[in-house]
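A.B. asks: Below: one structure in structure tokens.
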Amino acid sequence: MSGFRRELLRDWLHLLSTSAPDQERVRSRIYYLERNIGLVVKAAVIIFLFYYLIFSTWSDAGAARGVRLDLVTRRFAFDVLQLVFLSYVAINLAVSALLYGMEQVPFVVVQWAVFTDALIDGLFLAGMTTMLDGYDSPLYWLFLGLIARNSISVPAAVPQIILNLSMVWCYVLAGGLDTAIARMDDEILRTPSESVLLRVMILLLMTVCCYGVQVLFDKQRRVEDEAREYVIRQDQLRATGRLAAEIAHQLKNPLGIINNAAFTLQRTVKEGKSTITQQIQIIREEVERSDRIITDLMGYARLTEGKVERIEINEELDRALDMVFPAAVKYQVQIHRDYAPALPTLMMQRGHLSEVLVNLLQNAREAMNGCGNVYVSSQRGEDYSAIISIADDGPGIPPELQEKIFESYFTTKEKGTGLGLAIVKHNVEIYGGNVQVESELGKGTRFSIQLPGRSLMKLRK
């Protein structure tokens, strides 16, 4: 039963999760909302409050509420409020300067400045609410506005939730302080507890709704991005396949003619003409090498045959493990899985990733002679990339061979073709990824693959 609850909780968390916000989108939101709109609104509010707190006789209005605190205490409280207001103005001037120069400042600094400024806005509004009737203050509705504004300017899930819950706490704190002051003055509390609870629930509901709307928009954006990526990948694969097929066809024919002519010439050369024979042999060897390169290039032509799909990395890892280590065959291999959740979705042909994973797992199995440990892991990389790692505790690869293992037809096995790792490198690089090897003799080998979740496919150079 506990396992079912954990699974249900995991499903709910996955449903409510959002992807890492795109920096350009966040920058655009901050630019238009915080800089172009927010600074103008704040300037108007600060000018009004400056007159209200500095030049008006508001400090003497406390008696209208029946405040019995002595004049000295009331004046001290008002002086503190003025000092807080001037500090608030100074902070906003600094943030304004930062926002106007945000193109020259690291973006993470801008994000922290916006977060801090929003938190200070909530605290200052709480102070004003305390001075203006507490729970009954009309400033309550501004807390709803701050929550909506925070949801737009701070789209990252954890900071947004922390910030908006802080707004709720600020309102509760403001009302609590006002209530404490009223009790000190022996005032009759006018706001029923039900009304206070309702207002707090509205603030919490606003927090949840804003986050829920963001989740929906985020999932819609991901669907649109994946659809766009699908079209781009499919078009690029088709274009690359057509180009490769055309180039291979154009080069195959003349190379075949050259090879046949060299073979015929070699047969007709008289014995003893060793220099000429050697030169002809060099021609044939180079033709054969060129033919292998073209054959490798023709692999791109097959790109038009497959279909680009939305691929979940962890599922493909499990599928490849089942293929290489089927349950029916009792290999003496211990498989260790370490999968990260919520990995970027890959847009590629399923067969290409399957070839990569199967080849690497087969190499690990053969290196250990079917006995040992295999470590398979996945994790999120930078810039929406995913990193797949496959390691074994086999004999390892000598350092002098590590640069050659990805070359076509290079093998250290008696019956190996030398194409397995070449295919791995080929399939990874056509999608703009890279593959790296780390190995130490006697300790094992680790292959790490980094595949972009959003980068466009790149041709191998």
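A.B. asks: Taking a quarter of the surface of the Cα convex hull of the stretch 326-368, what do you get in nm²?
C.D. replies: 4.3 nm²
A.B. asks: Rounded to whole Å, give me the distance from the Cα center of the stretch 72-145 to that of the stretch 364-397.
C.D. replies: 52 Å
A.B. asks: Going by how many other Cβ atoms sit within 10 Å of their own, how do 219, 425 line up, fewest first?
C.D. replies: 219, 425
A.B. asks: Then there is this: Grab the alpha carbons of the stretch 128-167, take their convex hull, and tell me the volume per residue in Å³.
C.D. replies: Considering the Cα atoms of the stretch 128-167, their hull volume per residue is 56 Å³.
A.B. asks: Using the number of other C-beta atoms within 10 angstrom as an exposure proxy, rank 26, 84 with the fewest first.
C.D. replies: So the residues, fewest neighbours to most, are 84, 26.
A.B. asks: Follow-up question, since we're still on this one. Neighbour counts of other C-beta atoms within 10 Å: give me 404, 307 arranged from fewest to most.
C.D. replies: Result, fewest neighbours first: 307, 404.
A.B. asks: Per the Kirkwood formula on distinct C-alpha pairs, the Rh of the stretch 314-442 is how many angstrom?
C.D. replies: About 15.5 Å, per the Kirkwood formula over Cα pairs.
Bear in mind these aren't lab numbers, they're just calculated from the coordinates by the rules spelled out. If you're wondering where the values come from, they're calculated on a predicted model, not measured in any experiment. Cβ: placed from backbone, ideal geometry, glycine included. Neighbour counts: every protein chain shown.
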